[in-house]
Amino acid sequence: MATRLSSGSGSGFGLCLVSWNVNGIRARGKRLLPLLQRLQADIICLQETKVTRDLLDEPTAIVEGFNSYFSYSRGRSGYSGVATFCKDSVIPFEAEEGLSGILANQGAAPASCVLEGFLDEELRALDGEGRAMITKHRIRTCEEEEETLTVINVYCPRADPEREDRSHFKLRFYQLLQARTEALLQEGGNVIVLGDMNTAHRPIDHCQPGELDCFDKHPDRVWLNGFLSCPPELSRLDQANEVSDPAPGLGVKEGSGNGLFVDAFRLFHPSEREAYTCWRTNTGARKTNYGTRIDYIFANKSLAESTLQDCVLMPEIEGSDHCPVRAVLKAHCVPADKCPPLCTKYMPEFAGLQQKLSQFLVNVQDSQMVPEPRNNPETERSSQPQADPRTKEGKVAGRRTGRCLMRGRGTRGKGDPRLSGSLLRFFKPAPANTSPALETHDDQRLSNQVNLMADSFQPAQDKEVKQDTGAKEVKQDTGAKEVKQDTGAKEVKQDTGAKEQKSESQAVFWKSLLKGLPPPPRCSGHQELCLLRTVRKAGSNQGRQFYICPRPEGPQSNPASRCNFFRWAKAT
């Protein structure tokens, strides 16, 4: 496993950049700051953050000592996403979300005018998944010349062999990336592309390269070969490998790769094998280092030749199915005076500008909900004609009166005493001096219901339990005798022993009907108990279970790797 690391950290040895597919950033919470500090870099580019605008929280967006920039998916929540964290000493002077500039970037000029062959609708789709973030920095090299460095953090799509549209989407994303990088180089300055490219470039970068003759013919690798340049040192190394290498064809072919960028890791470690950055976690392949190298740092040729100091892998950093990649430049950054508008600290929800629900609520105690009447309310009510509650006008007047009274419920007796009454005041019976001649049968029934409701709201200690004096009083002596009722029926007794026997017989019956799986077999290579797995891939065998060797996946030459044992699980 490639464990070679550059000595020292960060700015002490130049400008340090790290790329890492974190496979989800939200779960890290307060541990994000120690994690960023452990990477010891000035610019940290994270991919597959799985953070969309609705899920971005303050502990993730605002990290002490860093200014951050997020790109997130517009169509799916918790999907894709990249983030760039820059130290406060490396503040960029410009930041842009996406590759085309067609997204609203708070004043950034769109670059779609220089991207020929792309329609606006396609550009929105390519940038709408949150797969790219661009930051521009001013750096000074050893010659004390100030230059522009553009860092493009990308999370390239994965090609699904069962979905032709996603393979086409991936290729178009590659082409858009190339068009934008070439446009930036024409403007002057340097460009670094880093992130998860989702393609193993050479057979040496893959644990199972398959047929070598077909390996380079894959459309993704055809594009990558044209995007990257092949330095002369790698060509000479490849010619030597063809003579002495026991596994020829694993280097870089002469004449291939005339692009504008250089693979930084292969520039410094051209022959290092088993230098992988991604492993399958469900097979334990990281334990045997059985993976692929799909995470890269690419630099334009002039920057790589003059300023690039080293590039290493960091497999000792765990927490994801990928490991970080680290590069160091012989330069230092000239920070901008302030962060660009795309910085997360300027977002309304983190800058304290977003309106809160409490701003729309009024404290009842601090407001005069019901105006104080100028005259005696009893005199006014007596002087005004009372509306008949059975008419439409009377019902409307009653509802208005009820609303006015309900407005005073939050005062808790601190304001107008008329508004601090209990709930019982709304259920009091009609006055006793009501004329019987005006009280109809329906009014009498309504009055009875109100009386019953009012009684139900009285405290328990004030209630009196009245019993019919003509009935006999039943007294129970709890300290002496038990009162038994003779129902006239025979007492039914259950035999607990018979009940347990019945349960056991039912269990035996169901076990004979649903026998389940037999004990797992032992693998042929190590004689160890196998693991039970289920087919997840869609097809005729989806849902079927099978047994495999319990050891992690790895090369057959490694004795600690999994053997070839396989058996379908069958219920007996």
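The values are calculated or read from the model by the stated rules, or taken from the named source; none is laboratory data. Everything numeric in this text was worked out from a predicted model, so none of it was measured. Cβ placement follows ideal geometry from the backbone for every residue including glycine, while neighbour counts extend to all protein chains displayed. Accessible surface is based on the protein model in full, side chains and every heavy atom, while ligands, DNA and RNA are left aside. Shrake-Rupley method; radii C 1.70, N 1.55, O 1.52, S 1.80 Å.
Go through segment 553-563 and give me each residue that's surrounded by 11 or more Cβ atoms within 10 Å (Cβ to Cβ) and either more than 13 Å from residue 287 (Cβ to Cβ) or touching a Cys at 6+ places or on another chain (Cβ under 6 Å) (or both).
Of everything in segment 553-563, those that are surrounded by 11 or more Cβ atoms within 10 Å (Cβ to Cβ) and either more than 13 Å from residue 287 (Cβ to Cβ) or touching a Cys at 6+ places or on another chain (Cβ under 6 Å) (or both) turn out to be 562, 563.
Could you list, in sequence order, all residues of segment 289-338 that are over 25 Å from residue 37 (Cβ atoms), open to solvent by 20 Å² or more (accessible area, probe 1.4 Å) and among the polar types (S, T, N, Q)?
Those that are over 25 Å from residue 37 (Cβ atoms), open to solvent by 20 Å² or more (accessible area, probe 1.4 Å) and among the polar types (S, T, N, Q): 292, 302, 306.
Pairs, please: C-beta under 7 Å, at least 6 apart or cross-chain, first residue modelled with pLDDT under 55 and in segment 221-238, second hydroxyl-bearing (Ser, Thr, Tyr)?
The qualifying pairs are 237/271.
Hey, among the residues in segment 11-32 that are surrounded by 15 or more Cβ atoms within 10 Å (Cβ to Cβ) and assigned to a helix (DSSP H, G or I), which one's modelled with the highest pLDDT?
32
Return yes or no: is residue 503 part of a loop (DSSP other than H, G, I, E, B), farther than 15 Å from residue 284 by Cβ and of a type in the set (Ser, Thr, Tyr)?
It is false that residue 503 is part of a loop (DSSP other than H, G, I, E, B), farther than 15 Å from residue 284 by Cβ and of a type in the set (Ser, Thr, Tyr).
Take the conditions modelled with pLDDT of 90 or more and touching a Pro at 6+ places or on another chain (Cβ under 8 Å) and apply them to residue 215. Does it pass?
Spelling it out, residue 215 is indeed modelled with pLDDT of 90 or more and touching a Pro at 6+ places or on another chain (Cβ under 8 Å).
What number goes with the only condition from (1) at pLDDT 95 or above; (2) open to solvent by 10 Å² or more (accessible area, probe 1.4 Å); (3) under 21 Å from residue 340 (Cα atoms) that residue 107 does not pass?
The single condition residue 107 does not satisfy is (1).
Between 166, 202, 138, which is among the charged types (D, E, K, R) and within 20 Å of residue 45 (Cβ to Cβ)?
That would be 138, the only listed residue that is among the charged types (D, E, K, R) and within 20 Å of residue 45 (Cβ to Cβ).
Return yes when residue 60 is β-branched (Val, Ile, Thr) and either more than 25 Å from residue 120 (Cα to Cα) or at pLDDT 95 or above (or both) and no when it is not.
In short, yes.
Pick out, from segment 266-384, the strands (runs of 3 or more DSSP E) lying fully within it that include 2 or more residues that are modelled with pLDDT of 90 or more, closer than 30 Å to residue 552 by Cβ and out of contact with any His (no Cβ under 7 Å at 6 or more places or on another chain).
The qualifying strands (runs of 3 or more DSSP E) are 295-300, 308-313, 325-329.
Suppose we filter segment 320-342 for residues that are more than 22 Å from residue 143 (Cβ to Cβ) and β-branched (Val, Ile, Thr); how many remain?
Of the residues in segment 320-342, 1 are more than 22 Å from residue 143 (Cβ to Cβ) and β-branched (Val, Ile, Thr).
What residue, of 141, 199, is crowded, with 17+ Cβ neighbours inside 10 Å, of a type in the set (Ser, Thr, Tyr), touching a residue at least 12 places away in the same chain (Cβ under 8 Å) and over 25 Å from residue 20 (Cα atoms)?
The conditions single out 141.
Search segment 520-539 for residues that are open to solvent by 60 Å² or more (accessible area, probe 1.4 Å) and pair each with any residue that is part of a loop (DSSP other than H, G, I, E, B) and among the small types (Gly, Ala, Ser) when their beta-carbon atoms are under 9 Å apart and the residues are at least 6 apart or on different chains.
Note: pairs meeting the criteria are 532/569; 533/569; 536/543.
What about residue 68, is it in contact with a Ser or Thr (Cβ under 7 Å, 6 or more places away or on another chain) and assigned to a loop (DSSP other than H, G, I, E, B)?
So residue 68 fails the test.
Do any strands (runs of 3 or more DSSP E) lying entirely in segment 116-199 carry at least 3 residues that are at pLDDT 95 or above, under 25 Å from the mean Cα position of the chain (by Cα) and of a type in the set (S, T, N, Q), and which ones are they? Steps first, answer last, please.
On the way: elements: 132-141, 146-155, 190-196.
Fully inside segment 116-199 and qualifying: nothing.
Taking the condition of being at pLDDT below 95, crowded, with 19+ Cβ neighbours inside 10 Å and not β-branched (Val, Ile, Thr), how many residues in segment 46-57 meet it?
So the count comes out to 1.
Go through the residues of segment 80-92 one by one and say whether even a single one is in a loop (DSSP other than H, G, I, E, B), of a type in the set (Asp, Glu) and surrounded by fewer than 24 Cβ atoms within 10 Å (Cβ to Cβ).
no
Report, by residue number, each residue of segment 144-175 that is buried (at least 18 other Cβ atoms within 10 Å of the Cβ) and farther than 30 Å from residue 188 by Cα.
Residue satisfying the conditions is 159 alone.
What do you reckon, is residue 116 open to solvent by 10 Å² or more (accessible area, probe 1.4 Å) and among the acidic types (Asp, Glu)?
The answer is yes for residue 116.
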